[in-house]
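Down below is the structure, laid out as structure tokens.
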Amino acid sequence: MTRLSVEMLAADAPPPITSAGHAQLGIAVLAGIAVIVFLITKYKLHAFLSLTIGSLVLGAIAGAPLDKAIASFTAGLGSTVAGVGVLIALGAILGKMLADSGGADEIVDTILAKAGGRAMPWAMVLIASVIGLPLFFEVGIVLLIPVVLMVAKRGNYSLMRIGVPALAGLSVMHGLIPPHPGPLVAIDAVNANLGVTLALGILVAVPTVIIAGPLFSRFAARWVDVPVPDRMLPQRPSEELERRPGFGATLATVLLPVVLMLAKALVDIVVDDPANMTQRVFDILGSPMIALLVAVLVGIFTLGVPAGFGKERIARTVDKSLMPIAGILLIVGAGGGFKQTLIDCGVGQMVLDISKDWSIPALLLAWLIAVAIRLATGSATVATISAAGLVAPLAADMSTTHAALLVLAIGAGSLFFSHVNDAGFWLVKEYFGMSVGQTVKSWSVMETVISVVAGALVLLLSLVI
């Protein structure tokens, strides 16, 4: 297992923008994070503004010149948005087309028609995992919770037995599997291989979602017994689609970008010749932007056309999909700016210096840092981005597989114990009609189970690969 070492820093790393000592840097980091937490929780300030102010506070307390602190933040914001902005946009388009065309309903209805009784929690985790691949977590909740409530009500199931597996599927996809924003930013920050990270992420995600979903839901159902809130049951719309895409075509479209990225990773391993034409073709098709772009273009014909969408309706769907992601892009970008400010102030070097004699594994350190930031800020994405910036130097001499595991360790830590400072906490509470205490005993504990199980699996994998 890779351990901490000062030599992990690249020899040509630029000098820090401040000459502050470790104590001053440590205070600056704590103050920057404290300001972000305070502004988000106390004043409900948007995370983009909070991260921007927190980055400037970090630079100021670290003794960095204001112009250099601003330059660091701006550079980090720009590079992050440039790296993942297009991917977020393409993922939003695919997710919106999936929802509007009825493709998501087709997947749900088909799987539910084949399941019943004890198989229903397993069906729900499968639905959520498949639907959650191209969707942001909040979008996935809005899309799936009505289905969860209808299934629980009509089938007389415990709400927790149906709801927890669905939430687990969405959460695991969000934290561990690209092309979700958090994993993509972490991959970029530590220069990990996307295909390898995706493959290992799926390997970690499958047992994690089984344990945190269908298995944990048995305990959640004993701890929390709430009826399905009638006010949240969806009303049948006055206008319905006359037809919708088939199950096979919909599933193939959703899985297409994942298949392309995995195929690229496999060809890179088997062929391992950059001059080989086959490898060059798959390098292009398996790049995240092209894979998602291909899925969107294919989706127009496999999702939009079968649903009867004309050119204007498809254009309108694309427009509507892009508007809600402005806030996500700004938050992710500001998180990248905060990350770059941390790096340029020399915090990464500080982490290495003060822990060079520790025996703690680098992957465990990454998980713990992500856990701390998650608990403080309530945002899995902010935790992933910030932790990736702090531990990026640790990946300098890691193997390809261990760099990918570092990304997954960060992602696992970012999901730890969602509580009152997390928007997802309140979303789940309101949709399920639970009290704060009930939400903690179900949702918050489930998130902790995901984080701990995924983190443990990452550490175990690091011992054998």
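Would you mind telling me which numbered condition in (1) modelled with pLDDT under 90; (2) buried (at least 18 other Cβ atoms within 10 Å of the Cβ) S359 fails? Single failed check for S359: (2).
Beta carbons closer than 7 Å, at least 6 apart along the sequence or on distinct chains, pair a first residue in region 325-338 that is closer than 17 Å to V86 by Cβ with a second that is at pLDDT below 80 and not in a helix (DSSP H, G or I) for I328/F136.
In this structure, K68 qualifies as surrounded by fewer than 18 Cβ atoms within 10 Å (Cβ to Cβ), on the phi < 0 side of the Ramachandran plot and not in a loop (DSSP other than H, G, I, E, B). Residue pairs whose Cβ atoms lie under 7 Å apart, sitting 6 or more positions apart in sequence or on different chains, and linking a residue in region 388-402 that is under 18 Å from L461 (Cα atoms) and in contact (Cβ under 8 Å) with a residue 40 or more places away in the chain to a partner that is among the polar types (S, T, N, Q) and open to solvent by 40 Å² or more (accessible area, probe 1.4 Å), are A395/N191; T400/N193. Scanning region 277-310 for residues that are open to solvent by 50 Å² or more (accessible area, probe 1.4 Å) and free of Cβ contacts under 8 Å to residues at least 12 places away in the same chain returns M277, T278, R280, V281, I284, L297, F301, V305.
Screening region 369-465 for helices (runs of 4 or more DSSP H) wholly inside it with 1 or more residues that are farther than 24 Å from G346 by Cα and open to solvent by 30 Å² or more (accessible area, probe 1.4 Å) returns the ranges 400-413, 423-432, 436-439, 445-464.
When G83 is tested against (1) in contact with a Leu (Cβ under 8 Å, 6 or more places away or on another chain); (2) farther than 30 Å from R313 by Cα, only condition (2) is not met. Limited to region 227-240, what total is found for residues that are open to solvent by 70 Å² or more (accessible area, probe 1.4 Å) and at pLDDT below 85? Total satisfying the criteria: 8.
Tell me, please, whether a residue that is open to solvent by 10 Å² or more (accessible area, probe 1.4 Å), among the basic types (K, R) and modelled with pLDDT of 90 or more can be found in region 204-224. The answer is yes; a qualifying residue exists. Annotation: G132 fulfils all but one of (1) within 17 Å of the chain's Cα centre (by Cα); (2) modelled with pLDDT of 85 or more; the unmet one is (2). For region 411-465, a residue qualifies if it is acidic (D, E) and within 20 Å of the chain's Cα centre (by Cα), and the qualifying residues are D422, E447. When V254, V185 are checked against the criterion of being among the aliphatic types (A, V, I, L, M), closer than 26 Å to A409 by Cβ, at pLDDT below 90 and open to solvent by less than 20 Å² (accessible area, probe 1.4 Å), a single residue qualifies: V185.
All of G76, G54 fail the test of being modelled with pLDDT under 90, of a type in the set (G, A, S) and within 27 Å of the chain's Cα centre (by Cα), apart from G76. Collect the residues in region 1-48 that are in a helix (DSSP H, G or I), modelled with pLDDT under 50 and of a type in the set (V, I, T), keeping them in residue-number order. V6 - this is the single residue of region 1-48 that is in a helix (DSSP H, G or I), modelled with pLDDT under 50 and of a type in the set (V, I, T).
Of the residues G63, G102, the single one that is at positive phi and open to solvent by 40 Å² or more (accessible area, probe 1.4 Å) is G63. Can you say whether T74 is open to solvent by 70 Å² or more (accessible area, probe 1.4 Å) and closer than 14 Å to G337 by Cα, as far as the supplied structure shows? Against the criterion (open to solvent by 70 Å² or more (accessible area, probe 1.4 Å) and closer than 14 Å to G337 by Cα), T74 qualifies.
The values are calculated or read from the model by the stated rules, or taken from the named source; none is laboratory data. Every value quoted in this text rests on a predicted model; they were computed, and no experiment measured them. When we count neighbours, we look across all protein chains shown, and the Cβ atoms used for this are built from the backbone with ideal geometry, even at glycine. Just so you know, the surface numbers come from the protein's heavy atoms only, side chains and all, with ligands and any DNA or RNA stripped out. Shrake-Rupley method; radii C 1.70, N 1.55, O 1.52, S 1.80 Å.
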